[in-house]
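The next block holds one structure in the form of structure tokens; read it before the comments.
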Amino acid sequence: MTAPSAATSTDATAPAKSHYVVLDGLRGVAALTVVLFHTLEAYSGGDPTRQIINHGYLAVDFFFLLSGFVVAYAYDDRWGRMRHRAFFLRRLIRLQPMVVLGSLFGAALFYLQAGPLFPKIAATPVWQLLLVMLLGCTVLPLPKAYDVRGWDEIHPLNGPAWSLFYEYVANVAYALVLRHLSPRVLAGLALLAAGLLLDVALRGERRDLIGGWSLDAAGIKVGLARLCYPFIAGMWLMRSGLRLRSRHAFPLCAGLLVVALSVPRLGGTPHHIANGLYDALCVLLLFPLIVALGAGEKRAGGWSLRVARVLGDLSFPLYITHYPLIYVYTAWVVDQRVPPRIGAPVGVALVIVAVVIARLSLTFYDVPVRRWLARRWLGARAPGAALSARADRAAG
């Protein structure tokens, strides 16, 4: 069984700026695709060649690319009047409330997952669960001694939080180093990072880009490979001004993204190099093309962009809250050997419930908490601190 491959929020647009609605919507499309990927994974038996929506794990890399683009767009021109403290506070306000909720939600459903698939759960005392939950709220990676599940996750109560840890790593690198670099230097760094990504995709044991959630040398290498090129390339795309215009940018980009994430495993065997090459080409070439197309359309009008707004609002809450449901569903399917004719309707219900939870979390928790934190930490009169209902969902 493959460990989680969720991604992270990349919506960091400053309240005073318009933001890329198409890119918001693509984040939502990827979020829904990953939920489906994780739901269907229960029937793959750990065999990647049997996985439906096979390359859903690449959404992580797509999100890191979006993150580099949007963080640079939101903050590059603010450093003359914004110090490091304000930047880090804004990122904490944007990301941390949902990280905390995800850890609490994961703890609430933890003992419902006990069984042969997760034998360590039944032996986990409540005090240890509470400790892991509190540590998970910090998003700091947990060593294997705290693995209460058995999947070697740095956040065993809510696996997708691993990508949030790397998002923070990228934010620190941006604030301290990357923001100072010219587009030419960023392009050079992106080429070097592309070499690391190719090494993992083509020469790694798996011949793919799955991984990054383990706190060991191999897991850290994969995590950094998946982070560095997309994030730096996203920054370069924003600063270079490369935009490709299309009259129907959102449906075109959404279609390209869904197809890319759904292509069957290539090569016919679990570790064929053809699949690694496909993964690398998606991240190195196709995803930047999709972002350049999406960034070419900023007009807020038409049905497709209204859909994009809704999906963009849901994307981060959906990512960070859906996986505890996946743990429960996967344990049920695997432990009880549930046939697809019974499991499929439950899987559909899971997706619907995940979307509802994301919407409720956004409306009644994430937005109010971020608004309160912005007033408390940034000051009611600080630029961008008094957030509108729409801007609050997109604020960094």
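The values are calculated or read from the model by the stated rules, or taken from the named source; none is laboratory data. Small disclaimer: the values here were computed from a predicted structure and weren't measured. Here Cβ is always computed from backbone atoms with ideal geometry, including for glycine, and neighbour counts include all displayed protein chains. For the accessible areas, the whole protein counts, side chains as well, though only heavy atoms, and no ligand, DNA or RNA atoms are used. Shrake-Rupley method; radii C 1.70, N 1.55, O 1.52, S 1.80 Å.
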Exercise. Within the range 192-200, can one find any residue that is touching a Gly at 6+ places or on another chain (Cβ under 7 Å) and either without any contact (Cβ under 8 Å) to a residue 24 or more places away in the chain or surrounded by 20 or more Cβ atoms within 10 Å (Cβ to Cβ) (or both)?
Worked result: no
Exercise. How do the pairs read when you match residues in the range 119-148 that are charged (D, E, K, R) and outside any helix (DSSP H, G or I) with residues anywhere that are buried (at least 17 other Cβ atoms within 10 Å of the Cβ) and at pLDDT 95 or above, using Cβ under 9 Å and keeping only pairs 6 or more apart or on different chains?
Worked result: ASP147/VAL132; ASP147/GLU153; ASP147/ILE154; ASP147/PRO156
Exercise. Quick one: VAL283 ticks every box in (1) open to solvent by 10 Å² or more (accessible area, probe 1.4 Å); (2) under 30 Å from ARG207 (Cα atoms) bar one, so which box is it?
Worked result: (1)
Exercise. What is the number of the single condition among (1) under 13 Å from PHE316 (Cα atoms); (2) over 16 Å from the mean Cα position of the chain (by Cα) that ILE53 does not meet?
Worked result: (1)
Problem set entry | Answer residue from the range 47-65, given it is of a type outside the set (A, V, I, L, M, F, W, C) and open to solvent by less than 10 Å² (accessible area, probe 1.4 Å) and is nearest to LEU189 (Cα to Cα) among those | ASP61
Exercise. What are the residues in the range 98-118 that are open to solvent by less than 10 Å² (accessible area, probe 1.4 Å) and not small (Gly, Ala, Ser), if any?
Worked result: MET98, VAL99, PHE110, GLN113, PHE118
Seminar exercise, completed: Of the residues in the range 76-88, those that are part of a helix (DSSP H, G or I), open to solvent by 10 Å² or more (accessible area, probe 1.4 Å) and more than 16 Å from THR138 (Cβ to Cβ) come to ASP76, ASP77, ARG78, HIS84, ARG85, ALA86
Exercise. Given the conditions (1) without any contact (Cβ under 8 Å) to a residue 60 or more places away in the chain; (2) within 20 Å of VAL70 (Cα to Cα); (3) of a type in the set (Lys, Arg), which single one is not true for LYS221?
Worked result: (2)
Problem set entry | Test set (1) out of contact with any Leu (no Cβ under 8 Å at 6 or more places or on another chain); (2) within 27 Å of LEU140 (Cβ to Cβ); (3) not charged (D, E, K, R) - PRO270 fails condition number | (2)
Exercise. Any idea which of (1) buried (at least 20 other Cβ atoms within 10 Å of the Cβ); (2) touching a Leu at 6+ places or on another chain (Cβ under 8 Å) is the one ILE121 doesn't satisfy?
Worked result: (2)
For this session: Inspect the range 66-75 for any residue being in contact with a Ser or Thr (Cβ under 8 Å, 6 or more places away or on another chain), open to solvent by 10 Å² or more (accessible area, probe 1.4 Å) and part of a helix (DSSP H, G or I) and give the result as yes or no.
Result: yes
Exercise. Just checking, which of SER214, SER240 is of a type in the set (Ser, Thr, Tyr), closer than 27 Å to GLY150 by Cβ and touching a residue at least 24 places away in the same chain (Cβ under 8 Å)?
Worked result: SER214
For this session: Consider GLY159 carefully, then state whether it is surrounded by fewer than 20 Cβ atoms within 10 Å (Cβ to Cβ) and either under 17 Å from the mean Cα position of the chain (by Cα) or not in a helix (DSSP H, G or I) (or both).
Result: no
Exercise. In the range 203-259, which residues are closer than 20 Å to GLY312 by Cβ and of a type in the set (S, T, N, Q)?
Worked result: SER246
Seminar exercise, completed: In the range 234-280, anything open to solvent by less than 40 Å² (accessible area, probe 1.4 Å), of a type in the set (A, V, I, L, M) and within 28 Å of ARG306 (Cα to Cα) is listed as MET235, LEU237, MET238, ALA249, ALA254, LEU257, ALA260, LEU261, VAL263
Problem set entry | Pairs where the first residue, in the range 358-370, is under 19 Å from LEU325 (Cα atoms) and the second is modelled with pLDDT under 95 and open to solvent by 10 Å² or more (accessible area, probe 1.4 Å), C-beta under 8 Å, 6+ apart | LEU362/ARG393
Exercise. Does ARG226 satisfy the condition of being within 17 Å of ASP61 (Cβ to Cβ), open to solvent by less than 10 Å² (accessible area, probe 1.4 Å) and basic (Lys, Arg)?
Worked result: yes
Problem set entry | Residue in the range 165-180 that is nearest to LEU277 (Cα to Cα), counting only those that are surrounded by 17 or more Cβ atoms within 10 Å (Cβ to Cβ) and aliphatic (A, V, I, L, M) | ALA170
Problem set entry | Filter pass, TYR57 being more than 18 Å from LEU289 (Cα to Cα), in a helix (DSSP H, G or I) and at pLDDT 95 or above | yes
For this session: Within the range 124-143, count every residue that is over 23 Å from TYR365 (Cα atoms), surrounded by 13 or more Cβ atoms within 10 Å (Cβ to Cβ) and either among the β-branched types (Val, Ile, Thr) or under 23 Å from the mean Cα position of the chain (by Cα) (or both).
Result: 3
